[in-house]
Amino acid sequence: SQTAPFVLDDVVKKIQQVYTQHCCFRAHFDQLTVNVAMDMKDRFEGTMYVKKPAMIALEVESPEKQHVVISGRSYTVYFLEDGSATSGEVPPEMNLEHFFGFFANIGTMDKNFSINIPPKSHDPGERLLFLELTDLKNPNGAYTILVGIDDEQYTIRRAIIYDALGNYNRFDLTRITFMDSIPDSKFQILRNAKETLSDSLLKTPKSDSK
């Protein structure tokens, strides 16, 4: 886009410089999951822990306390209130392994994604620059990730993954803190948790969700 207030390659390099200096970061997240066809929405809040190249943990505080560990397409969710757990693989149509894979290795984003400037490239009010990412290995894939970058710090403050039907997962990140290490225990689930088929933030939004 000729109207973009930035040069694409420069922004990508600045993001990579920020995220390659440390192995890890944590941030407060506000997640909104929307299923357009079923008119369903779910919202989750908590703390995200990221350790490259492939470890993600979410400590969900709302609407109920959960500990979520994600590695590739595999996930485990531990429900603190009743001690139950569920694990499995994220359905391929949700594309969440690409989404969390992006978070877990932001420093190599140009090797995994085709990066472009979307029509709306800048929000001065929110101080965000926007990039649009698609799967470099599958250009005709069914998902797009819209990334909002802080225009001063070059941290990722927003990421939204859209599927071909318009459904989306939106993460807004605040209080981003870079760290030199995070213990592996943060990415482990207690082994004595019993297996259940409980719903979680990685499954289809519930109809009774607010």
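The residues in region 98-121 that are open to solvent by less than 60 Å² (accessible area, probe 1.4 Å), in contact with an Asp or Glu (Cβ under 8 Å, 6 or more places away or on another chain) and not in a helix (DSSP H, G or I) can be counted, and the count is 5.
Annotation: of all residues in region 150-182 being farther than 30 Å from Val36 by Cα and in a loop (DSSP other than H, G, I, E, B), the one that is least open to solvent (accessible area, probe 1.4 Å) is Ile182. Filtered by the rule that a residue be of a type outside the set (S, T, N, Q) and either open to solvent by 20 Å² or more (accessible area, probe 1.4 Å) or under 22 Å from Glu45 (Cβ atoms) (or both), region 128-148 gives Leu128, Glu132, Asp135, Leu136, Lys137, Pro139, Gly141, Ala142, Ile145, Leu146, Val147, Gly148. Say we look at region 7-38 and pick out the residues that are polar (S, T, N, Q) and in contact with a helix residue (DSSP H, G or I) (Cβ under 7 Å, 6 or more places away or on another chain); which of these is surrounded by the most Cβ atoms within 10 Å (Cβ to Cβ)? Going through the qualifying residues, I end up with Gln16. The set of residues from region 65-79 being in a loop (DSSP other than H, G, I, E, B) and farther than 27 Å from Asn112 by Cβ comprises just one member, Lys65. Exactly one residue out of Ala57, Ala4 is open to solvent by less than 40 Å² (accessible area, probe 1.4 Å) and touching a Lys or Arg at 6+ places or on another chain (Cβ under 9 Å), and it is Ala57.
Scanning region 112-145 for residues that are closer than 15 Å to Leu96 by Cβ and among the aliphatic types (A, V, I, L, M), we see that the one that is nearest to the chain's Cα centre (by Cα) is Ile145. Given the structure, is Lys41 open to solvent by 10 Å² or more (accessible area, probe 1.4 Å) and touching a Phe, Trp or Tyr at 6+ places or on another chain (Cβ under 9 Å)? Judged against the criteria, Lys41 is not a match.
Would you pick out the residues in region 80-97 that are in a strand (DSSP E or B), crowded, with 19+ Cβ neighbours inside 10 Å and not small (Gly, Ala, Ser)? Answer for region 80-97, where residues must be in a strand (DSSP E or B), crowded, with 19+ Cβ neighbours inside 10 Å and not small (Gly, Ala, Ser): just Thr86. Screening Phe6 on (1) touching a Ser or Thr at 6+ places or on another chain (Cβ under 7 Å); (2) within 30 Å of Asn116 (Cβ to Cβ) shows it passes everything except condition (1).
The values are calculated or read from the model by the stated rules, or taken from the named source; none is laboratory data. It should be emphasised that the depicted structure is a prediction, and the values quoted were computed from it without experimental measurement. Quick reminder, even Gly has a Cβ in these numbers, built from the backbone with ideal geometry, and neighbours come from all protein chains shown. The accessibility values were calculated without ligands, DNA or RNA, using every heavy atom of the protein model including side chains. Shrake-Rupley method; radii C 1.70, N 1.55, O 1.52, S 1.80 Å.
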